[in-house]
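The values are calculated or read from the model by the stated rules, or taken from the named source; none is laboratory data. As the structure is a computational prediction, the values presented were derived from the model and not from experiment. We place every Cβ from the backbone using ideal geometry, glycine too, and count neighbours over all the protein chains shown.
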Amino acid sequence: MMDPFPTVPSEEFTQLLNPEGKSILLKVEDSPQRLVVRPAGVPLWLVVLSVAVVLGVMACVFTWRAFGPGLDPLEIAGIFFAPCAAVGCVAFFHAFNSYIESRGTFFILDKQPRTLTLPRSGLVLQEPCIVGFIEVHAWHTTGDRWGQESSWVGELTVLTRGEDGHLSRFSVVVTEGSDLVARMGKRLADFYHIPRLVVTRGWLLGIRQRLIEPQAPQPPPTPPTAVGSE
């Protein structure tokens, strides 16, 4: 197979394709038939636990002050507003998670027909057209009139070759951070036994590229030879 990576301008390797579609975490459903990866937000149980801890500390402090030096008007108001703020915090993260999950499934890997479905792009990729995977890890900056915010984003993309030889690149999965994307990239590249290009775009170290060739399949273990007794 022709090596696809040298034929593509390096600038195409270093750019994030769809950073706006990023997720915080991933929901992975793995079975012998398929691998399904969906977006996930902040675990709601963690939000509820954090809110409960804060309310517990506030309750202890207010109880001590009520039986000690006494509560001032601001603290009395806090007793009434704290539960409302807690409910609002949980509701906010619930809505935030719903928004992230509403963007749809990242990809579906059907293991028997060996197809890769990208619901967000409306594509079903057959194995012969998949020639490589590209990971891009870079800073993504967004801003408005209130200021700018930067987050470290990892995105896995698939490189395909059409019947006319034209190379195209499509987003597979994108999350904040790098570990989840790197894991998915290795898993898909090993499944299709094709190379994976890892690109890191930093502010200080510039652009770094590392090509990871697929590992050769391991031969099946040799069964032990029975030795007859003399």
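Look at Arg38 and say whether it is in contact with a helix residue (DSSP H, G or I) (Cβ under 8 Å, 6 or more places away or on another chain), of a type in the set (Lys, Arg), on the phi < 0 side of the Ramachandran plot and surrounded by 13 or more Cβ atoms within 10 Å (Cβ to Cβ).
Yes, satisfied.
Which numbered condition trips up Gly104, out of (1) of a type outside the set (Asp, Glu); (2) out of contact with any Lys or Arg (no Cβ under 6 Å at 6 or more places or on another chain); (3) on the phi > 0 side of the Ramachandran plot?
It fails just one condition, (2).
Name every residue in region 34-51 that is touching a residue at least 24 places away in the same chain (Cβ under 8 Å) and either part of a helix (DSSP H, G or I) or of a type in the set (Lys, Arg) (or both), in order of residue number.
Arg34, Arg38, Leu44, Val47, Val48, Val51, listed by residue number.
Identify, from the list Pro73, Pro128, the residue that is under 19 Å from Asp190 (Cα atoms) and over 25 Å from the mean Cα position of the chain (by Cα).
Only one candidate qualifies: Pro128.
Going through region 178-193 one residue at a time, which ones are out of contact with any Leu (no Cβ under 9 Å at 6 or more places or on another chain) and more than 12 Å from Glu155 (Cα to Cα)?
Once the filter is applied, which keeps residues that are out of contact with any Leu (no Cβ under 9 Å at 6 or more places or on another chain) and more than 12 Å from Glu155 (Cα to Cα), region 178-193 yields Lys186, Ala189, Asp190, His193.
Give the residues of region 64-80 that are surrounded by 11 or more Cβ atoms within 10 Å (Cβ to Cβ) and part of a helix (DSSP H, G or I), sorted by residue number.
Arg65, Ala66, Glu75, Ile76, Ala77, Gly78, Ile79
At positive phi, at pLDDT 90 or above and among the basic types (Lys, Arg), is that true of Arg120?
No: the conditions fail for Arg120.
Taking the stated definitions as given, is Val61 surrounded by 11 or more Cβ atoms within 10 Å (Cβ to Cβ) and over 19 Å from Gly177 (Cα atoms)? Walk me through it before giving the result.
On the way: surrounded by 11 or more Cβ atoms within 10 Å (Cβ to Cβ): yes; over 19 Å from Gly177 (Cα atoms): yes.
When the stated conditions are applied, Val61 passes them.
Residue by residue through region 81-107, note down the ones that are in contact with a strand residue (DSSP E or B) (Cβ under 6 Å, 6 or more places away or on another chain) and in a helix (DSSP H, G or I).
Hits for region 81-107 are Ile100, Glu101.
Being surrounded by 14 or more Cβ atoms within 10 Å (Cβ to Cβ), part of a strand (DSSP E or B) and among the aromatic types (Phe, Trp, Tyr), is that true of even one residue in region 152-171?
yes
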